[in-house]
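No lab work stands behind these numbers, since they all come straight from the coordinates. The shown structure was predicted, so the numbers you read here are calculated from the model rather than taken from an experiment. No Cβ is skipped: glycine too gets one built from the backbone with ideal geometry, and neighbour counts run over all protein chains shown.
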Amino acid sequence: MGLTDLLSIGSGSLVGFSLGLLGGGGSFLAVPVLVYVVGVRSQHVAIGTSACPVAVNAFANLIPHHRARIVKWPCAAVFAISGIAGAAGGAGTGRSLGLGKSRKDGDG
């Protein structure tokens, strides 16, 4: 196990702990940690990489909330669909303004 693996494990645990403690903010914390601590060279790769553990943690957190019947599903569905539309609009606007190039550079 190399240094990058150890940094990934430690950083992932720290981000997971803060997610559990605060209940959110995974992407906000994970991307800078991946870039500045783990050494992922591209912020675009860090964003894509962070999406997986953040999504898995969110889903794992959803299950007990659903079982406890504390999810307001109609509101959650509207919020999710609106968020997807907003993210797509923001990404499209950013691309058209040249604010970031989505490229496949070699961090994968």
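Provide the FRET efficiency to the nearest 0.05 for the residue 36-residue 66 pair, computing r from the beta carbons and using R0 = 41 Å. Can you show the working numbers first?
Working: r = 35 Å, r/R0 = 0.86.
The pair residue 36/residue 66 has a calculated efficiency of 0.70.
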- Item | Within segment 72-96: backbone nitrogen closer than 20 Å to the residue 52 label point (7 Å, Cα to C-beta) | none
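Between residue 22 and residue 4, 0.36 nm times their residue separation minus their Cα-Cα distance comes to what? Mind dumping the intermediate values first?
Numbers: separation 18, 0.36 × 18 = 6.48 nm, distance 2.63 nm.
Working it through step by step, the gained length comes to 3.9 nm.
Given a cut-off of under 8 Å on Cα pairs at least six residues apart, what relative contact order in percent is computed for the chain? Don't skip to the answer; put the middle values down first.
Working: 52 pairs, mean separation 25.8, N = 108.
Over the chain, the number comes to 24 percent.
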